[in-house]
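Following: one structure in structure tokens, then a few remarks.
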Amino acid sequence: MAYDYDVAVVGLGPAGMAVSIMASAMDLKVIAVEAHKIGGECMNVGCIPSKALLRAAAARHVLGELPKFGMTAQPPPPVQDLFARIQQHLDFIGSQKTRAMFAKVELVLGEGAARFEDAHTLQAGTRRFTARRIFLCTGTRPAIPPIPGIEQIAVLTNENMFALEAVPESLLVIGSGAIACEMAQGFARLGARVTMVMRGEGLLWREDPEGSALLTRTFEAEGIRVLTRRQMERVEADGNAVVLHTREDGPLRAARLLSATGRRMDFQALQLDRAGVAATEKGITVNARLQTSRRHIYACGDCNGHAQLSHAAMHQGMIALINSMTPWPFRRDFRAFPVPWTIFTEPAFSQVGAREEELKKRGTRYEVITVRYEDYGAAIAENLGPGFLRALVSPLGRVYGMTIVGHVSGELINEWTTIIQNRIRLHQVLFQMHSFPTMGFLSKRIAETWMMRRMKSAPLRRMAAAMYRLMP
Ligand SMILES: Cc1cc2nc3c(=O)[nH]c(=O)nc-3n(C[C@H](O)[C@H](O)[C@H](O)COP(=O)(O)OP(=O)(O)OC[C@H]3O[C@@H](n4cnc5c(N)ncnc54)[C@H](O)[C@@H]3O)c2cc1C
């Protein structure tokens with residue numbers, strides 16, 4: 001059968017962009033439908049604006065930190081047109097930078113959401129077309145927790161918070177995960193009185209407990225109230241304020257309430273049933289090759305519920321496209337790649353590979369090697385602490401997992417992703433030079449610490465000494 005296009009992409013976030021740009025570079029005939037803006041959540045209401053907000057917040061915060069550098073602290077300045085500036089940057093990137101990448105892609109923008117007519121036919125507004133293969137890259141939406149009364153108030157989520165006119169004077173943040181932590185610290189540093197309320201045991205409570213405790217201490221020192229294990233009974237508007245009633249604290253009042261409690265799937269517009277594509281509330285069901293229940297339809301990025309990170313979405317887009325053009329033995333299992341992640345708070349929290357719980361459950365033998373920023377001269381002199389790197393390592397120096405909490409941990413974690421993905425052992429890291437005095441040098445310290453532990457073995461020490469004396 002002849003199709004109008006080789007490739008149809010639905011959704012132009014990181015996953016859809018990767019598929020469209022790569023496929024068009026391979027001279028395939030590509031059409032891509034985006035219901036809102038190119039760049040998806042990541043570019044428009046996620047990673048990029050949130051990091052811009054955090055950068056501005058850090059600039060304002062550092063004025064109070066100046067005494068650490070032998071200078072007089074400065075009063076924090078008022079925040080003027082921060083949100084307008086963020087929007088200007090996003091408009092510039094969208095119109096001047098991103099658009100050019102789609103020179104060879106037929107774009108369907110502003111025609112509304114795409115929907116299936118059948119397994120090879122899509123419709124978006126007035127456009128109707130067929131494609132040999134279809135890549136669904138439709139992302140997720142913010143989940144709003146089912147607290148009675150919440151539908152009556154103007155809740156902030158990532159979809160509207162970067163279009164605020166001003167920093168609210170006070171903010172309730174519901175949630176304990178990445179977005180809740182980043183935005184709580186960001187808004188607090190921009191001058192809002194922030195209270196975080198969560199049902200769970202603490203910030204990032206499933207992650208390294210020392211990292212979570214360090215983050216909590218930092219937040220509290222910066223004036224953020226962190227209320228854990230709270231039962232949220234109802235929420236209501238009171239004049240210009242929002243009041244959240246918890247069983248433990250009674251009414252908590254703030255100018256605005258930000259919900260950052262996770263993501264939900266929304267496939268209503270797509271009409272997946274017309275194409276016979278299976279999905280659950282966890283996402284579109286995919287196999288290891290990213291194929292859905294219809295083998296010519298792939299689902300990449302957040303919409304399949306696997307990683308929910310931009311770089312994972314881009315990676316999946318690449319893997320799905322490669323799988324669609326290679327025969328069986330060469331197809332890739334997208335789950336085989338370690339997924340690093342970073343939460344861009346200060347200290348930044350990064351992780352890749354296995355966690356301790358998983359290793360314990362699997363009965364894997366491992367040792368823990370920790371190196372602290374507080375023990376590194378460069379970090380002390382430059383006021384970059386506190387922080388730590390914690391590796392989970394096999395007796396033979398294979399790295400299972402790494403957690404890094406502290407300054408630029410998001411940069412450091414990439415080296416450990418290479419190490420884990422390529423099964424590089426710690427003795428090889430030991431023999432690799434690291435530029436000094438960078439924070440990356442601490443990665444080498446992990447390898448040195450591991451080697452020093454080996455040298456605690458008396459037979460090994462005796463053997464090394466004997467060899468030394470034997471040498472002429
Ligand atoms: C505040 C915030 C901060 C974040 N920070 C980070 C970070 O620092 N690092 C990181 O890795 N991740 C971060 N994320 C997560 C990241 O944004 C997502 O993982 C990423 O955007 C997922 O990419 P995607 O391509 O799967 O989908 P999306 O980026 O969600 O894009 C999906 C696109 O599909 C479109 N669409 C949906 N349905 C249809 C349809 N039927 N027809 C046409 N178009 C449709 C949507 O309009 C959207 O543009 C953050 C998220 C938030 C909310």
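Mind ordering 251-259, 239-247, 452-460 by average Cβ neighbours within 10 Å, highest first? Spell out each step's value before the answer.
Values: 251-259: 20.1, 239-247: 16.3, 452-460: 9.9.
In descending order of packing, they fall as 251-259, 239-247, 452-460.
Add -39500 (n - 2.57) for each DSSP H run of 4 or more in the chain, then divide by its residues: what number comes out at 222 nm, to the nearest 500 deg cm²/dmol? Please list the in-between numbers first.
Working: 13 runs with 145 residues, N = 472.
After summing the helix terms and dividing by the residues of the chain, the value is -9500 deg cm²/dmol.
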Looking only at lysines whose Cα falls under 22 Å of K456's and that sit 8 or more positions away or on another chain, we get K444
Once normalised by the length of the range 29-80, the mean sequence separation of its alpha carbon contacts under 8 Å that are 6 or more apart gives a contact order in percent of 19
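I need the calculated FRET efficiency for the pair Q421 and E236, taking r as the beta carbon distance and R₀ as 45 Å, to the nearest 0.05. Mind dumping the intermediate values first?
Values: r = 50 Å, r/R0 = 1.10.
Result of the calculation: an efficiency of 0.35.
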Counting only DSSP beta bridges with both partners in the chain, the antiparallel fraction in percent, to the nearest 5, comes to 60
Using alpha carbon centers only, the range 161-237 is separated from the range 387-418 by a whole-angstrom value of 26
Compactness check, the range 86-163: C-alpha Rg relative to the 2.2 N^0.38 Å globular estimate gives 1.52
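Is the shape of the range 1-59 best called rounded, prolate or oblate, per the rule: a/c under 1.5 gives rounded, else a/b larger than b/c gives prolate, else oblate, with a ≥ b ≥ c the square roots of the Cα gyration tensor eigenvalues? Please report the intermediate quantities before stating the final value.
Working: a/c = 5.88, a/b = 2.97, b/c = 1.98.
Here the range 1-59 falls in the prolate category.
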With label points set 7 Å from each Cα along the Cα-to-Cβ direction at L66 and K361, the distance between them in nm comes to 5.0
Whole-Å distance linking the alpha carbon centroid of the range 2-49 with that of the range 62-122 is 17
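Quick one: Cα convex hull volume of the range 54-101, Å³ per residue? Mind showing how you got there, number by number?
Values: hull volume 4.1 nm³, N = 48.
It is 86 Å³ per residue.
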Loop-resident GluC sites (Glu not before Pro) in the range 84-170 with no more than 11 other Cβ atoms inside 10 Å, DSSP not H/G/I/E/B, are E165
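Work out the FRET efficiency for Q87 and K456 from their Cβ-Cβ distance, taking R0 = 51 Å, and round it to the nearest 0.05. Don't skip to the end; give the middle numbers.
Values: r = 57 Å, r/R0 = 1.12.
After rounding to 0.05, the efficiency reads 0.35.
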Taking r as the C-beta separation of T370 and D273 and R0 as 56 Å, the FRET efficiency to the nearest 0.05 is 0.65
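Given the alpha-carbon gyration tensor of the range 213-314, what are the semi-axes of its equivalent ellipsoid in whole angstrom, ordered largest first, with each equal to the square root of 5 times an eigenvalue? Walk me through the intermediate numbers first.
Working: eigenvalues 312, 73, 25 Å².
Those come to 40, 19, 11 Å.
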Hull volume per residue for the range 347-388, using the convex hull of the C-alpha atoms, in Å³ is 79
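Do any chymotrypsin sites (Phe, Trp or Tyr not before Pro) in the range 373-447 lie in a DSSP loop with no more than 12 other beta carbon atoms within 10 Å, and if so, which? If you can, show how the numbers build up before the last one.
Numbers: sites: Y373, Y376, F388, Y400, W416, F431, F441; in loops: Y376, F431.
Counting only loop positions with at most 12 other Cβ atoms within 10 Å, the chymotrypsin sites (Phe, Trp or Tyr not before Pro) in the range 373-447 are F431.
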One checks the Cα atoms of the chain and finds Rg and Dmax, in Å, of 25.0, 87
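Multiply the residue separation of A154 and A100 by 0.36 nm, subtract the distance between their alpha-carbon atoms, and state the gained length in nm to one decimal.
Working: separation 54, 0.36 × 54 = 19.44 nm, distance 3.67 nm.
Value of the extension gain: 15.8 nm.
Semi-axes of the range 223-263's equivalent ellipsoid from the Cα gyration tensor, sqrt of 5 times each eigenvalue, largest first, rounded to whole Å? Write out the running numbers ahead of the final one.
On the way: eigenvalues 52, 36, 27 Å².
Working from the Cα gyration tensor, I get semi-axes of 16, 13, 12 Å.
Every number in this text was worked out from the coordinates using simple rules, so none of it is lab data. As the structure is a prediction and not an experimental result, all values here were calculated from the model. All Cβ positions, even for glycine, are placed from backbone atoms using ideal geometry, and neighbour counts span all protein chains on display.
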